[in-house]
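Asker: Here's a structure for you.
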There are 2 protein chains.
Amino acid sequence: MPPKPTVHKLGDLQLQIMKVLWTNTEASVPEVHKALAEETELAYTTIATMLRKMEVKGLVKHRVEDRKFIYKPLVKEQEVSEKMSAHFVDRLFEGSLADMVSHLLSTHEVSREELVKIEKMVAARKKKL
Amino acid sequence: MPPKPTVHKLGDLQLQIMKVLWTNTEASVPEVHKALAEETELAYTTIATMLRKMEVKGLVKHRVEDRKFIYKPLVKEQEVSEKMSAHFVDRLFEGSLADMVSHLLSTHEVSREELVKIEKMVAARKKKL
DNA sequence: GAGGTAATACTACTTAGGTAATAGTGTAAA
DNA sequence: TTTACACTATTACCTAAGTAGTATTACCTC
């Protein structure tokens, strides 16, 4: 098994699959397929193949139970979000979080509630310095 | 020429190249190559090939001048950042800017200055609602 | 025990990004 | 006028993601 999967560049489908696994802690192929069916129209075998590839890559592992493959994540959601975010901020905003937020604020739809939430988080973070 | 390049998923190299073009408003292949030489060790032809591919994709166009290809961006930096950010926030945080910021704040190194900057931006944004 | 059903196994193909070697060409210098 | 230089053109590979068809297997039901 490969030790360190390069977790900062997961494809869209892989990420969707991971999200299902994170939410359910584990899932069989049919379960993943069903969970994604609402968003996309993918063949059953597509999911199965992808999971197999993801296992080779070290993102998930499986055990057999009841003639079914039960897949479990091998990487934490926290870690993936972290790596992906860091990579993204680096790539696009040279690592400046402020630039990123600035950009998002000026282009993204944001509700007052979200703004308040952000303010609170920033304030809290400031105290920790 | 393709009308709408899918601007929300540029590869790393393509983005680096675009950044050079945006900064210089336009650039020849040697110029791009030189600009990127500080960050990576890429063959001259790699840059040339990539620019050709990017032209096919509709990201850039070129004119000939003095026997050289001068490439110009066909998409604005603003637009690319916007699309890429939106896609990213959607993919990873189900579109919630607050979740994204929360995550970044808790995992990313942030200086006091950055926090202050963000606070100001949020406050300014709130007034616009 | 025959057959249907639900899984997995295998194989294959397409596309895009990335990387680069080699071949060709035209201009300027010697 | 020959050659070297600086570009572009052509071609080729590799990898990863995504997508899925076909083959196989095993179990369950009648």
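Asker: Show the residue pairs meeting these rules: Cβ distance below 8 Å; 6+ apart or different chains; first residue within the stretch B:55-79 and acidic (D, E); second residue in a strand (DSSP E or B) and open to solvent by 90 Å² or more (accessible area, probe 1.4 Å).
Answerer: B:E55/B:K61
Asker: Continuing with this model, one more query. Could you please find all residues in the stretch A:87-129 being surrounded by fewer than 17 Cβ atoms within 10 Å (Cβ to Cβ) and in contact with a His (Cβ under 8 Å, 6 or more places away or on another chain)?
Answerer: A:H87
Asker: Just to be sure I understand the filter: pairs with C-beta atoms under 7 Å, separated by 6 or more residues or on different chains, first member in the stretch A:38-51 and away from chain B (no Cβ under 14 Å) and free of Cβ contacts under 8 Å to residues at least 60 places away in the same chain, second member more than 8 Å from DNA strand C (Cβ to nearest atom) and outside any helix (DSSP H, G or I). Which pairs pass?
Answerer: So the pair list comes out as A:L51/A:V60; A:L51/A:Y71.
Asker: Related question: Filter the stretch B:76-86 down to the residues that are within 9 Å of another protein chain (Cβ to nearest Cβ) and surrounded by fewer than 18 Cβ atoms within 10 Å (Cβ to Cβ), then identify the one that is farthest from A:T23 (Cα to Cα).
Answerer: It comes out as B:Q78.
Asker: Tell me whether the stretch B:88-95 contains one or more residues that are within 13 Å of chain A (Cβ to nearest Cβ) and touching an Asp or Glu at 6+ places or on another chain (Cβ under 6 Å). Even if it seems obvious, please write down each step before you answer.
Answerer: Going through the stretch B:88-95, the residues within 13 Å of chain A (Cβ to nearest Cβ) turn out to be B:88-95.
Those still in the list that are touching an Asp or Glu at 6+ places or on another chain (Cβ under 6 Å) too: B:93.
Yes, that holds for at least one residue.
Asker: Report whether or not B:P3 is closer than 28 Å to A:T107 by Cβ and either at pLDDT below 95 or within 13 Å of DNA strand C (Cβ to nearest atom) (or both).
Answerer: Values: closer than 28 Å to A:T107 by Cβ: yes; either at pLDDT below 95 or within 13 Å of DNA strand C (Cβ to nearest atom) (or both): yes.
For B:P3, the condition - closer than 28 Å to A:T107 by Cβ and either at pLDDT below 95 or within 13 Å of DNA strand C (Cβ to nearest atom) (or both) - is met.
The values are calculated or read from the model by the stated rules, or taken from the named source; none is laboratory data. Since the structure is predicted, the reported quantities are computational estimates derived from the model, not experimental observations. Note: ideal-geometry Cβ built from the backbone for every residue, glycine included; neighbour counts use all protein chains shown. Keep in mind that these areas ignore ligands, DNA and RNA; they rest on the heavy atoms of the full protein, side chains included. Shrake-Rupley method; radii C 1.70, N 1.55, O 1.52, S 1.80 Å.
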